[in-house]
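Visitor: A single structure is presented below for examination.
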Amino acid sequence: MQGWADYHTHSLLSDGATSYEQMVLGAIEKGLDEIGLSDHVCLKPVVWAMQEVDLPVMTRQILEIRERYSHLINIRYGIEMDYFEGKEAEIGRIIASLPLDYVIGSVHFIGDWNFDGDHSFYGKWSNDELYTIYFGLVQKAASSGLFDTVGHLDLIKKFGVFPESDLTSLYEETAAVIRQAGMVVELNTGGLDKPCAEFYPGPRWLEILRAYDIPVTLSSDAHHPAQIARHYQQAVHLLKKSGYHEVVRFHHRKRSLVKI
Ligand SMILES: [Zn+2]
Ligand SMILES: [Zn+2]
């Protein structure tokens, strides 16, 4: 794992199981040379995310741990920020108020429905319709220009919900918007442990992203130290097979490329 980074992790401050320090120690144990701490920030008052009032605590803790472990590992300050249509100004204000290295933009809500935790509305639409609604929101999140990275691009498949037809044209349209916005997409290995049993995004998607020349980060969505850099060998194999030979790292919201 020497030379690897993990750009999507959660601590106790949002819905992770442990402190930042335990996550950092877990990353050092895995041999990573960089870890991004990226707790949830959400405008809605949900239990799994940081609320705005608590953000100074997060900043203080991350700056402190970054200083304390700087001789052992690079620590990057990220957030996983929820996108809501019509709330762009408010989201932008929060992002601008924090000394961040990168921002993951994620869609976890369709309207008020938190679809990656609450099963109640699956079946309301056909899967194709659901995918069209979801990727419409992903496109709006990308076009907002607020975020650096698209979080778990095809999260809508989490519970094994796959489209009825071939949605290649929807994927290509979405990839074109992401490309136009100059964004990065994460290869998030966490999906492999969910009912969908695939990385986010899956292999077909990765081919499309490569064709659109969209760069990637590598991440685990770890909510526990044991999940840091999970399935990385398999992920790197898939990236290379898809034509990727570099991954992105961030510092002060500027990106650099590292060979894999
Ligand atoms: Zn997420
Ligand atoms: Zn996450």
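Read-outs throughout are calculated quantities, based only on the coordinates presented, and are distinct from any laboratory measurement. Here the structure is a predicted model, which means the values were calculated and not measured. Methodologically, a virtual Cβ is constructed for each residue, glycine included, from the backbone with ideal geometry; neighbour enumeration extends over all protein chains shown.
Visitor: Mind listing the Cα extents of region 40-108 along all three principal axes, in Å, largest one first?
Guide: Principal axes ranked by extent give 42, 20, 19 Å for the Cα atoms.
Visitor: Here's a follow-up. Fewest Cβ neighbours within 10 Å first, please rank 121, 250 accordingly.
Guide: 121, 250
Visitor: Scaled to the compact-protein estimate 2.2 N^0.38 Å, what is the alpha-carbon radius of gyration of region 186-248, rounded to two decimal places?
Guide: 1.06
Visitor: Then there is this: Each residue of region 4-20 in order: what ³J(HN,Hα) in whole Hz does its phi give by Karplus 6.51 cos²θ - 1.76 cosθ + 1.60, θ = phi - 60°, with x for Gly and Pro?
Guide: Computed from phi, the couplings for region 4-20 are 9, 10, 10, 9, 8, 9, 10, 10, 3, 5, 10, 10, x, 8, 9, 6, 4 Hz.
Visitor: Taking N as the number of residues in region 132-214, what is its alpha-carbon radius of gyration divided by 2.2 N^0.38 Å?
Guide: That works out to 1.01 for region 132-214.
Visitor: Among all the aspartates and glutamates, which ones have a C-alpha under 15 Å from residue 87's C-alpha, if same-chain residues fewer than 8 places away are not counted?
Guide: 52, 112
Visitor: Quick one: what are the phi-derived ³J(HN,Hα) couplings along region 194-203, Karplus 6.51/-1.76/1.60 with θ = phi - 60°, whole Hz, x for glycine and proline?
Guide: 9, x, 5, 6, 9, 5, 9, x, x, x
Visitor: Sticking with this one: Give the order of 153, 63 when sorted by the count of other beta carbons within 10 angstrom, beginning with the fewest.
Guide: 63, 153
Visitor: Inverting the mean 1/r over all pairs of different Cα atoms, compute the Kirkwood radius of region 5-259 and quote it in Å.
Guide: So the Kirkwood estimate lands at 18.2 Å.
Visitor: In a Debye calculation with equal point scatterers on the alpha-carbon sites of region 1-61 and no solvent, what is log10 I(q)/I(0) at q = 0.17, 0.18, 0.22 Å⁻¹?
Guide: Summing over Cα pairs of region 1-61 leads to -0.58, -0.63, -0.85.
Visitor: Arrange the following residues from fewest to most other Cβ atoms within 10 Å of their Cβ: 73, 35, 214, 62.
Guide: Listed from fewest to most nearby Cβ atoms, that is 73, 214, 62, 35.
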